[in-house]
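See below for the structure under consideration.
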Amino acid sequence: MSKRPSFPYYPEGVPRELPLPPETLPELFSRSAQRFSRRPALYFFGRTLSYHECHSLVERFACGLAALGIRKGDRVALCLPNCPQAVIAYFGIVRAGGIVVACNPTYTEHELSHQLRDAGARAIVVLDLMYQKVQDLGLELIIVTRITDYMTTIARYLYHRRNPRPPIAIPHSDTTWFFHDVLDSVPPVAPEALPIVTPDDIALLQYTGGTTGVSKGAELRHRNLTANIRQLISWFSPAERVESFLAALPLFHVFGMTVTQNICVAVGGCMVLVPDPRNMPVLLTLLRKKQPTVITLVPALVRKLLDHCDAKDFTATRFVICGGAALPYELLKKFKERTGHLIIEGYGLSEASPVTHCNIPRGLSVKRSIGLPIANTEARIVDETGREVPSGEIGELWVRGPQVMQGYWNNPVETANALTPDGWLATGDLARVDQDGFFYIVDRKKDMILSTSGLNVYPAEIEQVLFLHPCVCEAAVIGVQLGDGSESIKAFVVLTVDSVSVDDLLAHCRRYLASYKVPKKIEFRTELPKTILGKTLHRILRVEESRRLHLQQS
C-alpha cells in the first residue's frame, strides 16, 4: 500500500498496514472463550454469563441446529432485540455453518416477507411476541424465545408487573421449537460432526437500510468481518485492557454488530445488553450502574442523552463512538461541553462490514470530518467517469479493503453497479478529502438536488444550517421535481416551540446560505420518518411529496 498523506496522523502505535491472517467468527469466539473463560461476557437485567457459559451455549445451539436439519450455507434469520439469545444464536448459527440473516424485529410482516424470501431463509429465531408475524411465511423452522428467559427471577417478576399481557399460545410442532429446547431437548449432533467453516464462507447477509431504495443483502464473509474487527481493535486500543460495552445499539444493525458485539467478544469485554434504547429509564440505570468503558451511539441517542446526562455519568468511559448517520457538529459540541467527552465519529456502510474511516480516538479532532481511512483501507474521491479528482473537490467516495463485500446476494446487476472489477466499492456518498488526508461527507449522491439555477445543492448543508436555529429539533431537505428537469428545494422541520414561523426560518437560512440554496418551501411536522437508528428516511419524504403533487395535478 503506497504512502498516504493521512499516515502521519494515525494514532500512536497503530500500524499503517496490519497483518490480517484469514480467520472465522467461530475461531475468534472460541479463542476468546479460552483466554477469558471466567470473565463476564454478557450482562442482562441482573444476570451475568461468563465466556465459558456463553461458549457452552453457543456449541449446544449449533449442535441443536444441525440436529434440526440446518446445513452449511443455509440461511437462518435472526430477528431479536439485544438479549443473550441474540448473541448466542448469532455465533451458534455461524458455528453450525449457517449464514445469519440479520432482521429488524420492528419490521412489518410485509417487510420481513421480502427479506426472508430474498435471502431464501430456511429458519428464523424470534421473540414470542413476533410469532404471529412469521408463522405463515413458509419457513421450515421457527425458533421462539422470550425476552425474560435470561433474566433473574426478580427481574422477570418486575418485567411482568410492568408489562402485563396474557401468555402467547405457541403450538409445539416439528417446525416450531423453543430456544431452550434447541439447547436441551433436541438430541444434538457431536461438535466434531459440525461442518468446517472457512474464512471465505459467507457469514452474514446484512441487508442495506433501504433509506434510498429497495433493500439488498450484502454478502459479508468471515474474513470481511474478522478483518474489520482487527482493524478497529488496532485503531482504538493497541494495549490490551478489560473493557465493558454499552450495547444500546441494535445488534442486528451492522454498526452495533461489529463495533459493539464482535469487538467486545474479541477483546474479552462484557456486553451490557439494552433491549430497547428508547426506554431511557432503563438505559440510564444501566449506564450509571455498570459504568461501561465503551459507549456506541447514533445521533438520535446522543440527543436523548444530552437531555438526561452529565459528566458524572461517564466517569469510567474511555470511548464514545458515534456512527449510523451524520452527527450534527452542534450536537457533538454540546456533548463535549456537558460530559467532557469528545465523540469519535466514524464512517461505514453495510457493504464494508461496516467501518472504513474513523476519527482519532484521542487528541487531534478535525471539525466535521469522518476521519482517516483505517489500516489496510484505501479511499479516493472520483468524478462521474471514475477518475480521481484533485484534493478539496467534491466527488463520490470509493473505498477498497479487506472488509469490503464481494457482492450482493443473488443480485449481479446491483453488484456490478457498486463494485469495480479491481475491488473498489462505490459508496454513493459525495465527499471531499483535504490535503492531510481527512475525509468529509457532503451528502448522499442520490440526495443531491439540481437547483433551478442549474447548480448542485447538497441537502445536508441546508440541514446543518437549519440545525443552527435554536428552535429547530429535526430537519430534512429534499428536491421536488419540476417540469424542466430541475428541482425545487423543500425543507421539513420539527420545532421545539410553536412560535417560530416559516418567514423566521427563511430569514435564518438567508443569513448563512447563498440565495439558490435557500428552501422554496418549509413544512412543519411533529416528527420525521426514521429508521430504528434515527436516520431520516428522505426516500419516504420524496415519495409522499410526489404523491401529493400527483393528486394536485389529477
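The values are calculated or read from the model by the stated rules, or taken from the named source; none is laboratory data. Predicted model, so just to flag it, every value in this text is computed and none were measured. Cβ placement follows ideal geometry from the backbone for every residue including glycine, while neighbour counts extend to all protein chains displayed.
Structure data summary
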quantity: Pair list, Cβ under 6 Å, 6 or more apart: the stretch 333-346 residue at positive phi, other residue surrounded by fewer than 18 Cβ atoms within 10 Å (Cβ to Cβ); calculated: Gly340/Ala311
quantity: Candidates Val502, Val493, filtered to the one that is among the hydrophobic types (A, V, I, L, M, F, W, C) and touching a helix residue (DSSP H, G or I) at 6+ places or on another chain (Cβ under 8 Å); calculated: Val493
quantity: Number of positions in the stretch 1-40 that are part of a loop (DSSP other than H, G, I, E, B) and among the polar types (S, T, N, Q); calculated: 4
quantity: From Asp118, Asp149, residue being in a loop (DSSP other than H, G, I, E, B), acidic (Asp, Glu), in contact (Cβ under 8 Å) with a residue 12 or more places away in the chain and farther than 18 Å from Pro250 by Cα; calculated: Asp149
quantity: Lone unmet requirement of (1) assigned to a helix (DSSP H, G or I); (2) surrounded by 16 or more Cβ atoms within 10 Å (Cβ to Cβ); (3) among the aliphatic types (A, V, I, L, M) for Val413; calculated: (2)
quantity: Some residue of the stretch 232-240 being buried (at least 21 other Cβ atoms within 10 Å of the Cβ) and in contact with a Ser or Thr (Cβ under 8 Å, 6 or more places away or on another chain); calculated: yes
quantity: Any hit, the stretch 171-181, residues being assigned to a loop (DSSP other than H, G, I, E, B), in contact with a strand residue (DSSP E or B) (Cβ under 9 Å, 6 or more places away or on another chain), over 28 Å from Glu111 (Cα atoms) and of a type outside the set (Asp, Glu); calculated: no
quantity: Qualifying residue in the stretch 454-477 (condition: farther than 30 Å from Leu232 by Cβ and outside the structural domain of Lys520 (by TED's automatic domain parsing)); calculated: no
quantity: Matching option when the condition is among the aliphatic types (A, V, I, L, M), more than 24 Å from the chain's Cα centre (by Cα) and either surrounded by 22 or more Cβ atoms within 10 Å (Cβ to Cβ) or not assigned by TED's automatic domain parsing to the domain that holds Asp504 (or both), among Ile449, Ile441; calculated: Ile449
quantity: Within the stretch 448-467, tally of residues that are β-branched (Val, Ile, Thr) and over 15 Å from Gly395 (Cα atoms); calculated: 3
quantity: Unique match (being free of Cβ contacts under 8 Å to residues at least 60 places away in the same chain, under 23 Å from Leu25 (Cα atoms) and not aromatic (Phe, Trp, Tyr)) among Gly138, Gly98; calculated: Gly98
quantity: Hits in the stretch 183-206 (condition: part of a loop (DSSP other than H, G, I, E, B) and more than 33 Å from the chain's Cα centre (by Cα)); calculated: Ser185, Val186, Pro187, Pro188, Val189, Ala190
quantity: Residue match in the stretch 8-17 (condition: touching a strand residue (DSSP E or B) at 6+ places or on another chain (Cβ under 9 Å) and modelled with pLDDT under 95); calculated: yes
quantity: Residue within the stretch 428-450 that is β-branched (Val, Ile, Thr), in contact with a strand residue (DSSP E or B) (Cβ under 9 Å, 6 or more places away or on another chain), assigned to a helix (DSSP H, G or I) and under 23 Å from Ala352 (Cα atoms) present; calculated: no
quantity: Restricting the stretch 498-522 to residues that are touching a strand residue (DSSP E or B) at 6+ places or on another chain (Cβ under 8 Å) and loosely packed, with under 15 Cβ neighbours inside 10 Å, the residue that is farthest from Leu455 (Cα to Cα); calculated: Val502
quantity: Yes/no for Ala316 being assigned to a loop (DSSP other than H, G, I, E, B) and under 16 Å from Pro250 (Cα atoms); calculated: no
quantity: Residue match in the stretch 269-289 (condition: within 26 Å of Ala460 (Cα to Cα) and not in a loop (DSSP other than H, G, I, E, B)); calculated: no
quantity: Candidates Ala77, Ala62, filtered to the one that is in a helix (DSSP H, G or I), out of contact with any Asp or Glu (no Cβ under 9 Å at 6 or more places or on another chain) and closer than 28 Å to Asp276 by Cα; calculated: Ala62
quantity: Test for Glu414: is it among the charged types (D, E, K, R), more than 18 Å from Thr536 (Cα to Cα) and in contact (Cβ under 8 Å) with a residue 12 or more places away in the chain; calculated: yes
quantity: Residue that is farthest from Pro81 (Cα to Cα) [pool: residues in the stretch 17-46 that are charged (D, E, K, R) and under 26 Å from the mean Cα position of the chain (by Cα)]; calculated: Glu17
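Here is a yes/no grid of residues against (1) closer than 18 Å to His253 by Cβ; (2) surrounded by 15 or more Cβ atoms within 10 Å (Cβ to Cβ); (3) not assigned by TED's automatic domain parsing to the domain that holds Pro81:
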residue	(1), (2), (3)
Glu109	no, no, no
Gln132	no, no, no
Arg165	no, no, no
Ser173	no, no, no
Pro188	no, yes, no
Ile202	no, yes, yes
